[in-house]
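The values are calculated or read from the model by the stated rules, or taken from the named source; none is laboratory data. Owing to the predicted nature of the structure, the values given are computational and were not obtained by experimental measurement. Positions of Cβ are backbone-derived with ideal geometry, glycine not excepted, and every protein chain shown enters the neighbour counts.
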Amino acid sequence: IKVAADLGLIKGKSISPPLFFPEDTISGAEVTAILVQASGKGSSAQASPGEPWHAGFVRVAREKGLLYPGFDPSKPANRAQCAYSLMRFVEQK
């Protein structure tokens, strides 16, 4: 978690201090945010005013083909869904 946070891939669920909950489930939105940040496209993934925080990340992930079948940003992502998105990410590297 520390390495991922230091690299800017994850930010935690609060700002100061950043808090992480490794036992929690990960949502589709969080999966896309991590992968988009790792791709170096995080700065182009800003949500427009009035959009949910994850809207920009989802747009970029969709453009890059990273979304798993049945993607829903608000629902938990299971291991297979995470693996699918990660595989698509690695294929593009």
query = Tally time: how many residues in region 5-27 are touching a residue at least 24 places away in the same chain (Cβ under 8 Å) and either under 12 Å from the mean Cα position of the chain (by Cα) or surrounded by 15 or more Cβ atoms within 10 Å (Cβ to Cβ) (or both)?
reply = 5
task = Could you give me the residue pairs with C-beta distances under 6 Å whose first residue belongs to region 49-72 and is within 13 Å of ALA33 (Cβ to Cβ), whose second residue is basic (Lys, Arg) and not in a helix (DSSP H, G or I) wherever it lies, and which are 6+ apart or on separate chains?
result = VAL60/LYS41
task = Evaluate region 80-93: report whether one residue or more is surrounded by fewer than 17 Cβ atoms within 10 Å (Cβ to Cβ), at pLDDT below 95 and not acidic (Asp, Glu).
result = yes
ask   = Could you say whether any residue in region 60-68 is of a type in the set (Phe, Trp, Tyr) and out of contact with any helix residue (DSSP H, G or I) (no Cβ under 8 Å at 6 or more places or on another chain)?
value = no
message = Condition first: among the aliphatic types (A, V, I, L, M), on the phi < 0 side of the Ramachandran plot and surrounded by fewer than 17 Cβ atoms within 10 Å (Cβ to Cβ). Can you find one or more residues in region 57-76 that meet it?
response = no
task = Name every residue in region 63-86 that is part of a helix (DSSP H, G or I) and of a type outside the set (Gly, Ala, Ser), in order of residue number.
result = GLU63, ARG79, GLN81, CYS82, TYR84, LEU86
Condition check for SER44: of a type in the set (S, T, N, Q), out of contact with any Gly (no Cβ under 9 Å at 6 or more places or on another chain) and under 22 Å from LEU7 (Cβ atoms) = no
message = So, in region 37-62, exactly how many residues are at pLDDT 95 or above and either in a helix (DSSP H, G or I) or small (Gly, Ala, Ser) (or both)?
response = 9
ask   = Of all residues in region 28-52, how many are surrounded by fewer than 17 Cβ atoms within 10 Å (Cβ to Cβ) and touching a His at 6+ places or on another chain (Cβ under 8 Å)?
value = 1
